[in-house]
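Below is one structure, written out as structure tokens; the observations come after it.
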Amino acid sequence: MSDKPALGFWQIWNMCFGFLGIQMGFALQNANVSRIFQSLGADIEDIPILWIAAPVTGLLVQPIIGYMSDRTWNRLGRRRPFFLAGALLASTALIFMPNSPVLWMAAGMLWVMDASLNICMEPFRALVGDMLPDRQRTQGFALQSFFIGTGAVVASALPWMMTNWFNVSNTAAAGSLPDSVRLSFYVGGVALFAAVMWTILRTREYSPDQLAAFENDRRRHTPATVLTLPAREFLASAGYWGIGGLVLLTAIWLWQLDRQLLILSGGLVLFSGVQLFCANRASKGRTESGLFQIIALMKQMPGAMKQLAVVQFLSWFALFALWIYATPAITSHHFGSSDPTTQAYNDGADWVGVLFAAYNLFAALAALVIAPMAAKLGRRHSHLLNLTLGGLGLASMAWIDNPTWLLLSMVGVGVAWASILSLPYALLSGALPAAHMGVYMGIFNFFIVIPQILAATVLGFLLRTLFEGQAIQAMVLGGILMVLAGVATLRVQEEVA
């Protein structure tokens, strides 16, 4: 059997369409969670730690879901069973979250929602690696970026549209959420499920035997390793201890912040662990052997994956700073209010949704030119250029007084976002063996969630000690890190597995 045949445009379209719904869920989360937390009484310095559920969930869920989906095959296929399960859970969470009566319950629902979205998202990434030959993967990931941008445009602007198009109130009494936010989450839940079902019904996957035959015909070589085995063992151990230290630090902070929140988080971790154990047993595998295989694969990461880890770490720290502090920064710096019960604050929070819609619109448009740009400039230099534009866009927010002109800042952020969602995966997928595509994509997610965990634990401290409580300075920090991420891309060596 020859290498994988090229797919037609509409086949790739159907395969990627589910990301439209997944990103509607993420966009509603990113644009509104800080607003929800502030409306339920959270202090500005405590907002980052309340976001901790999102990256911790990704750290736990992604590699295990990737490992399990690599070894799943039934009537729905290899990846699609996870699309269905994740969509059902995420849609339910989107409907329940805006009805949270207290802060700790909202933080818990963020955990559930993010876990469910991650169950969907990682197999979608792996599906592109499964179905497309290397020459089409940039196109596949770019089309995913297009749908991500399109879905996020609509979802981010939904509260603003509810208020300005349908006269739904955007203010509420202390301790409750505006109807515009609540209805937006309901719409997002329905849209998410419908979009994912489109991909499930309109896409067929290669069987394990077909994938094995394709793999046998590919040009093989041993993944490049830069470090000696003892050095890799040391760094792996250091990484595990580092993750453990972050978890312990987070637990201490959560205990000080809200003991109910810590107890809820622990219960959700235990519940998720039981679910994963049962699912793995049901697939006739052993949890212990699966985890050991994940650890073994971490030690054998291709060289390109290690180099991309630095790029991902810096760029995603910057993004998380934007998502956490855009609402506090813009409502205070540009609209002059930090009180969630005031009209000025809620107008500013609605404008944040418009800005998030704008950068996702620019990302959707940028996604259309990423593939030809990468063909002309190369993937590495294209990513450098795009991240530099994103860094300038983030930093410029601190020097723009008129909130309307922040739309110009979002041009750079949108270009960077489209690039982050496509080019690192295009650089990575060619270096990964097909048999471990899913689990390696999950491990690669570590370099997304670990910087988010770090951001969640240190941004509040930085805001208090270095930035004098000015949330807008978090945007400047994010801009600097985004530019450094672009420079780090030049160290990445493109490989073919």
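Would it be correct to say that Ile480 is out of contact with any Phe, Trp or Tyr (no Cβ under 6 Å at 6 or more places or on another chain), assigned to a helix (DSSP H, G or I) and surrounded by 22 or more Cβ atoms within 10 Å (Cβ to Cβ)?
no
Would you confirm whether any residue within the stretch 384-405 is within 29 Å of Val168 (Cβ to Cβ), modelled with pLDDT under 90 and not hydroxyl-bearing (Ser, Thr, Tyr)?
no
Could you please let me know if Gly140 is surrounded by 23 or more Cβ atoms within 10 Å (Cβ to Cβ) and at pLDDT 85 or above?
Criteria met by Gly140.
Got a sec? Which of Pro340, Pro424 is buried (at least 19 other Cβ atoms within 10 Å of the Cβ) and closer than 28 Å to Ala42 by Cα?
Pro340
Quick one: which of Leu89, Leu110, Leu94, Leu117 is under 23 Å from Leu143 (Cβ atoms) and either part of a helix (DSSP H, G or I) or touching a strand residue (DSSP E or B) at 6+ places or on another chain (Cβ under 9 Å) (or both)?
Answer to the check: Leu117.
Taking the conditions exactly as written (part of a helix (DSSP H, G or I) and either in contact with a strand residue (DSSP E or B) (Cβ under 7 Å, 6 or more places away or on another chain) or surrounded by 24 or more Cβ atoms within 10 Å (Cβ to Cβ) (or both)), does Val369 satisfy them or not?
So Val369 fails the test.
If we scan the stretch 370-379, do we find a residue that is closer than 25 Å to Val154 by Cα, more than 20 Å from the chain's Cα centre (by Cα) and either of a type in the set (Val, Ile, Thr) or modelled with pLDDT of 95 or more (or both)?
The answer is no, given that none of the residues of the stretch 370-379 is closer than 25 Å to Val154 by Cα, more than 20 Å from the chain's Cα centre (by Cα) and either of a type in the set (Val, Ile, Thr) or modelled with pLDDT of 95 or more (or both).
Residues Met105, Met131, Met161, Met113: which one is surrounded by fewer than 24 Cβ atoms within 10 Å (Cβ to Cβ), closer than 14 Å to Phe185 by Cβ and among the hydrophobic types (A, V, I, L, M, F, W, C)?
Met161
Somewhere in the stretch 56-76, is a residue in a helix (DSSP H, G or I) and aromatic (Phe, Trp, Tyr)?
For the stretch 56-76, residues in a helix (DSSP H, G or I) and aromatic (Phe, Trp, Tyr): present.
Can you tell me which of Ala53, Ala31 is modelled with pLDDT of 90 or more and not acidic (Asp, Glu)?
Residue meeting the stated conditions: Ala31.
For the stretch 331-357, which positions are part of a helix (DSSP H, G or I) and over 19 Å from Ser180 (Cα atoms)?
Those that are part of a helix (DSSP H, G or I) and over 19 Å from Ser180 (Cα atoms): Ser332, His333.
Answer with yes or no whether Val449 is of a type in the set (Val, Ile, Thr), more than 18 Å from Trp316 (Cα to Cα) and in a helix (DSSP H, G or I).
No: the conditions fail for Val449.
Counting only residues that are among the aliphatic types (A, V, I, L, M), without any contact (Cβ under 8 Å) to a residue 40 or more places away in the chain and under 21 Å from Ala106 (Cβ atoms), how many does the stretch 143-186 have?
Result for the stretch 143-186: 3.
Please enumerate the residues belonging to the stretch 482-497 that are in contact with a Pro (Cβ under 9 Å, 6 or more places away or on another chain) and modelled with pLDDT of 90 or more.
Answer for the stretch 482-497, where residues must be in contact with a Pro (Cβ under 9 Å, 6 or more places away or on another chain) and modelled with pLDDT of 90 or more: just Thr489.
Can you find a residue in the stretch 447-462 that is among the polar types (S, T, N, Q) and at pLDDT 80 or above?
Taking every residue of the stretch 447-462 in turn, at least one turns out to be among the polar types (S, T, N, Q) and at pLDDT 80 or above.
Inside the stretch 388-421, can you point out the residues that are among the aromatic types (Phe, Trp, Tyr) and buried (at least 23 other Cβ atoms within 10 Å of the Cβ)?
Hit for the stretch 388-421 is Trp417, nothing else.
Here are Val128, Val153: which of them is in a helix (DSSP H, G or I) and under 17 Å from Leu192 (Cα atoms)?
Of Val128, Val153, the one residue that is in a helix (DSSP H, G or I) and under 17 Å from Leu192 (Cα atoms) is Val153.
The values are calculated or read from the model by the stated rules, or taken from the named source; none is laboratory data. Treat the numbers as computed from the prediction; the structure is a model and nothing was measured. When we count neighbours, we look across all protein chains shown, and the Cβ atoms used for this are built from the backbone with ideal geometry, even at glycine.
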